[in-house]
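The values are calculated or read from the model by the stated rules, or taken from the named source; none is laboratory data. Nothing here was measured: the structure is a model prediction, and the numbers come from that model. Here Cβ is always computed from backbone atoms with ideal geometry, including for glycine, and neighbour counts include all displayed protein chains.
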Amino acid sequence: MIKVLLVDDHTIFRQCIATKIKEHPEYKIIAETGSGIASIELAQQLNPDVIIMDISLPDINGIEASRRIKEKGIGSKIILLSMYKYTEIINHSDDVEIEAYLLKEDTFEDLIYAINAVLQGNRYVSSSLLKHKSKSSACSQSLPSTLSAREQEITELISEGLTTKEIAQRLCISAKTVETHRARIMEKLKVKNVAELIKQAIRLGIIKI
């Protein structure tokens, strides 16, 4: 029996994946969570064979959660899921030694193939993402970081879900200063909200995940 830990904060999507996996008797979902922090604790407690991990989680992102799981010496194979075709994430996944990267638009058969591949000691990357990478790698590598060191630091803290007040406390600056930096960051990256800010920062390689 292959033990699976399912990590995704979108309940409907998680239930859909769980229902599909249950159709395969060789797999058993031993736990589900929508939290990156909780996934680390569950991985320690349950030692799953495979962890299906969403990259976008409300507390810490899936790559950071995976990093911490790996650092604890847990031998679970990790399959990272994302709705975004950001080729930079593959490089960050390589750094953490994540075994597979799939897009949420991929079919369930792709997920099953990925599970089997990682359990055999292989790595799997979504074929649609590899095609996207081959077309855009030269362009993405040439994109410059336009932010100062402080702006990059604040961008990373924003991506971790910290509020303005929490960032101010972390950096020992005023909340007004944080807001000024945030406005400048959004202007430089040509975005209108935090979600777009994070997407653009990942695309440019500014967020170190």
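Here are the numbers for this structure:
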item: Those residues of the stretch 102-125 which are within 18 Å of Ala18 (Cβ to Cβ), of a type in the set (D, E, K, R) and surrounded by 15 or more Cβ atoms within 10 Å (Cβ to Cβ), in sequence order; result: Lys104, Asp106, Asp110
item: Cβ-Cβ under 8 Å pairs, at least 6 apart or on other chains, the stretch 65-85 side surrounded by fewer than 16 Cβ atoms within 10 Å (Cβ to Cβ), far side acidic (Asp, Glu) and at pLDDT below 90; result: Met83/Glu105
item: Filter result (outside any helix (DSSP H, G or I) and surrounded by 13 or more Cβ atoms within 10 Å (Cβ to Cβ)) within the stretch 166-207; result: Ile173, Val191, Gly205, Ile206, Ile207
item: Helices (runs of 4 or more DSSP H) wholly inside the stretch 7-77 containing at least 2 residues that are within 21 Å of Val125 (Cβ to Cβ) and not small (Gly, Ala, Ser); result: 11-22, 62-71
item: Residue count, the stretch 96-116 (criterion: part of a loop (DSSP other than H, G, I, E, B), within 13 Å of Ile78 (Cβ to Cβ) and either β-branched (Val, Ile, Thr) or without any contact (Cβ under 8 Å) to a residue 24 or more places away in the chain (or both)); result: 1
item: Candidate set: the stretch 145-165, residues that are in a helix (DSSP H, G or I) and among the hydrophobic types (A, V, I, L, M, F, W, C); chosen: the one modelled with the lowest pLDDT; result: Ala149
